[in-house]
Amino acid sequence: MSGMQATYLKDYLPPAYRVTHTELTFDLAPSATRVKARLHMERHPDREPDDKETGLPLELAGGELELIRIAIDGQTLEPGEFEVGDGKLTVATVPERFLLDTEVEIDPDANTALEGLYRSNGMFCTQCEPEGFRRITYYPDRPDVMATFSTTVIGDRDSLPVLLSNGNPVEKGELPNNRHFVTWEDPHPKPSYLFALVAGSLEKVEDHYTTMSGRDVLLQIWVEPENLDKTEHAMASLKRSMQWDEETYGREYDLDRFMIVAVNDFNMGAMENKGLNIFNSAAVLTHPQTANDATFQRVEGIVAHEYFHNWSGNRVTCRDWFQLSLKEGFTVFRDQTFSADVNSAAVKRIEDVSFFRTAQFAEDAGPTAHPVRPDHYIEISNFYTLTIYEKGAELVRMLRHLLGWEDFRRGSDLYFERFDGQAVTIEDFVACMAEVSGLDLEQFLRWYSQAGTPEVDAHGEYDYANCEYRLRLSQRTPATPGQTGKLPLHIPVRMGLVGTKSGHDLTLTLDGEKRGKDAVIHLREAEQTFVFTDVEEAPVPSLLRGFSAPVKLRYPYSREELAFLLTHDSDGFNRWDAGQRLTMLALDDLIAAHRNGVEKVMDVRLVEAYRSLLNEPGDDKAVLAEMLTLPSEAYIAEQQPMVDVDAIHAAREFVRQSLAWQLRDDFLAIYRDNLSDEPYAPTPEQIASRRLKNVALAYLMSIEDDEAIGLTQQQLERGANMTDVRAALTLLAHSDRTDLAEPALKAFGEKWAHDPLVMDQWFTIQVTRPQADVLDRVRFLMGHPLFSMKNPNKVRALIGAFAQNRVNFHRLDGEGYKLLADVVIELNRLNPEIAARIITPLTRWQRFDEQRQALMKAELERIRAEKLSPNVYEMVERALADA
Ligand code: B3K
Ligand code: ZN
């Protein structure tokens, strides 16, 4: 089957023909939209015809299109002069330079895949990355074909008063039959994946930004009328992002207007279309009463991410989709740094790393592990992964560590200047970094082609007699599917030595050179020893500070050493990490006790560590809240050789409840100290305070403390903001107090039935309950009038969230797996991209006991027996490859 064929990086060839200018006309109708395209085409200078007589055939991608007409230089082609099929249109002979005219009809209403042109709540919108443009018109739909665009949108004046596309509006007017049109011109050459069109009954909020060179930019956020009051935060985030990119990277915006549109049905978070970003409404709309702090921060990060793509992605784009991380890894790194700069930097890093070590490590350890630059794919949409995005960002962060900020910035300037308006590769990016710094980055490039998480083992020895500290580091990367022989990587290890007497960082002297108190050492060999001299006292090493490389670092720390680092490490991130390690040691013992049916005993050292945290809270509440947060069940699972969901759940609950019993009054004091009457603002200070308060309340609720129940109810009833309301409702709903939870859920559901984003939260709260009856609840809610399998947010809120409910999804009767498989089979028809994402938990079967493995594989086999989309086919084949 041709759709199932793999594409290989090694087969890359420039396109035979390129497009210099694209003219599009859309005549919009819900189930029969006409698209006329006029492409100004010429042969690519690097492509010689194989045969001088016939030249090079013209091949254009296209799917789900009904061809009405095709003409070359004004001459309509007759059937026989071209061929349509297999997702493409082929013309055997064309001139060196020509005008291609096509007209097609498409059916936006039938488009449930949400790729190409589709309708959401009556609004027309597009999603073209990576290969959606071919569902709009026949085109060389690949990122290395960059053209200027001129787009005319025609629609009904009443139902579609707003007609938007990329660039600047240049003409508008009235047409017969109550229709009107707007023509847009985008002067910046762009690949087809950055094309966008929106038409609907929308309203806007406007603002202005003056760029560093003094140009005025009109900023617009377009939403459905009822959401006009939910745009303030996104607008403020946009302006902050524009300013930050000028100050930090010297990058200025390049059009007269920048538009954001909020859409309810959207596969991803948002899309960086040139000058017309399209956002999942969940990633842009906020209001203190409807969105919690985490959503405010997520919106800020995504607005920044899409805006930053204007340079890292749009002005300089990818040569082919294997280079996806060139734009995504760099842009994630940019948005992470932005969020760190405008919020609490330590907390941002803690959040990013704990997510990374939970989810990306799991991807690396599973059957879909792939390098940051894959070398083949069946369906590129399956590669919008944590490895491409988050690990890609970690690689860029390592480059910043290796070069230092100043050289890194010079490298980035060189990259943007040299490749402006071009489609390039990861080597091009790394070469700029090597050129400005003089560093040899050859070995570093292996990070892009080698999959898997490197494991670094560290051992230290202090030599009292010679005042020397010897640190031996060794690295190995476990085999991943299709890649067995792994090579040593270039790993920057940021570190310090904390004196056990003084409690301070000691000066690091390496090879006779003083390196300060915090240095980056370079591990390049499979095994390397670093000898630090003039070390006046016995130290505890603080390694991989700030998570300076995406590796698993093992060091045989004692609990005493970890407790010491927890209070003395000068690096906030590593203080947190020491706490995590200490907690993990206690959890390991408890997991073993649970498995062996032995009585569980709480580690008093952990209780004392928590007690000191609570009693000497320091000034960073945000970090404290992170320190008090136990590792998630998913994170704990990642640390185990074989996942025992029940033992993990029991051990974690035991720790939570033991801490709550023993530190009850401290938690209560923290709760009370952080109550506030201030009006809501998404400031780092307020967010930290609310977080700390709600973390404390969660501990107290874990033992169903009477006073805590009263406080939770009060917090819910007071309804100060969604952060507090959602936290309180979740605590009640996840407790055994059904008598309190059910009326609260009912009231919340009735109050917010009109707001889809709040209802998403309502679904999630219910299906993440630990109680055993939750599966029935999931099935019941799937029949709720507000649930729809066609809306990706609803699918994520209900099904995706349930699959994260570890004890219930992994039920031993296999009903959790069966439910997910049923959903995958249904979504495979409706929306293959979402189907291929939601299936992920089933692909991780190797990590579980034999009984669960058999159940999960049986469901994968059941899916495999269906007629599958390339998306799901590829995932299932990879998942079952070793079965
Ligand atoms: N570049 C988009 C990805 C959309 C792909 C969807 N199949 C989102 C982002 O990373 O900004
Ligand atoms: Zn992106």
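For the reader, a short list of remarks on this structure follows.
- Vicinal HN-Hα couplings computed from phi for the stretch 810-819 (Karplus, 6.51 cos²θ - 1.76 cosθ + 1.60; Hz; Gly/Pro x): 8, 3, 6, 8, x, 5, x, 5, 5, 4
- Dipole of the stretch 455-549 [Lys/Arg +1, Asp/Glu -1 at C-beta], most positive-end residue of 496, 538, 526: 526
- The loop-placed GluC sites (Glu not before Pro) in the stretch 546-615, going by DSSP, that have at most 10 neighbouring Cβ atoms within 10 Å of their Cβ come out as 599.
- When both the stretch 661-716 and the stretch 788-822 are represented by their alpha-carbon centers, they are found 30 Å apart.
- Shown in residue order for the stretch 434-450 are the 3J(HN,Hα) couplings computed by the Karplus curve 6.51 cos²θ - 1.76 cosθ + 1.60 at θ = phi - 60°: 5, 5, 6, 9, x, 7, 8, 10, 4, 5, 4, 4, 4, 4, 7, 10, 9 Hz (x for Gly and Pro).
- Rounded, prolate or oblate (a/c below 1.5 giving rounded, otherwise prolate when a/b exceeds b/c) for the stretch 202-281 by Cα gyration tensor: prolate
- Heavy-atom surface of the stretch 202-281, accessible at 1.4 Å and reported per residue (Å²): 32
- Table column - 3J(HN,Hα) (Hz), the stretch 652-661, Karplus curve with 6.51, -1.76, 1.60, x for Gly and Pro: 5, 4, 4, 5, 4, 6, 4, 4, 5, 4
- In a reduced charge model with +1 at each Lys and Arg Cβ and -1 at each Asp and Glu Cβ, the chain shows a dipole moment near 840 debye about its Cα centre.
- When both the stretch 103-165 and the stretch 726-763 are represented by their alpha-carbon centers, they are found 38 Å apart.
- Residue-averaged 222 nm ellipticity for the chain, from DSSP H runs of 4+ at -39500 (n - 2.57), nearest 500: -12000 deg cm²/dmol
- Largest accessible area first, the listed residues 750, 626 line up as 750, 626 when surface is computed with a 1.4 Å probe on the assembled protein chains.
- Kirkwood hydrodynamic radius of the stretch 316-449, from inverse mean 1/r over distinct Cα pairs, in Å: 15.4
- The stretch 635-776: C-alpha gyration tensor shape, a/c 1.5 cut-off, then a/b vs b/c: oblate
- Excluding ligands, DNA and RNA, the accessible surface per residue across the stretch 311-467 is 30 Å² with a 1.4 Å probe.
- Taking the Cα centre of the stretch 316-449 as origin and assigning +1 to Lys and Arg Cβ atoms and -1 to Asp and Glu Cβ atoms, the resulting dipole is close to 260 debye.
- Peptides 363-369, 794-800, 193-199 ranked from most to least packed by the mean count of surrounding Cβ atoms within 10 Å: 193-199, 794-800, 363-369.
- For residue 546, the amide hydrogen comes within under 5 Å of the amide hydrogens of 573, 574, counting only partners 5 or more places away or on other chains and with H modelled in the peptide plane.
- Each Lys or Arg adds one and each Asp or Glu subtracts one; over the other residues with Cβ under 9 Å from the Cβ of residue 817, this totals +1.
- Packing-based ranking of 242-253, 517-528, 443-454 yields 443-454, 242-253, 517-528, ordered from highest to lowest mean Cβ neighbour count within 10 Å.
- Under-5 Å amide H pairs with residue 190, H placed in peptide plane, nonlocal only: 147, 148
- Loop trypsin sites (Lys or Arg not before Pro), the stretch 799-883 (other Cβ atoms within 10 Å of the site Cβ: 11 or fewer; DSSP): 867
- Student exercise, the stretch 379-466 dipole from Lys, Arg, Asp, Glu Cβ charges, in Debye to nearest 20: 240
- Within the stretch 408-497, the GluC sites (Glu not before Pro) that combine a DSSP coil assignment with at most 10 other C-beta atoms in a 10 angstrom radius are 442.
- Summed side-chain charge close to residue 299 - residues other than residue 299 whose Cβ falls under 13 Å, Lys, Arg +1, Asp, Glu -1: -2
- Relative contact order, percent, the chain [alpha-carbon distance under 8 Å, six or more residues apart]: 8
- Remark on residue 515: its backbone amide H falls under 5 Å from those of 508, 509, 510, a criterion applied only to residues 5 or more positions apart or on other chains, H modelled at 1.01 Å from N.
- Mean separation of Cα contacts under 8 Å, 6 or more apart, over the residue count of the stretch 752-883: relative contact order %: 19
- The largest-to-smallest principal axis extents of the Cα set in the chain are 87, 68, 59 Å.
- Note on the stretch 1-144: Rg/Rh from C-alpha atoms, Kirkwood Rh, equals 0.97.
- Pairwise label distance in nanometres, residue 294 with residue 515, each label 7 Å out on the Cα-Cβ vector: 3.8
- Dipole of the chain, positive direction: furthest Cα of 24, 579, 137, with charges on the beta-carbon: 579
The values are calculated or read from the model by the stated rules, or taken from the named source; none is laboratory data. If you're wondering where the values come from, they're calculated on a predicted model, not measured in any experiment. Neighbour counts run over all protein chains shown; Cβ positions are idealised from the backbone, glycine included. The accessibility values were calculated without ligands, DNA or RNA, using every heavy atom of the protein model including side chains. Shrake-Rupley method; radii C 1.70, N 1.55, O 1.52, S 1.80 Å.
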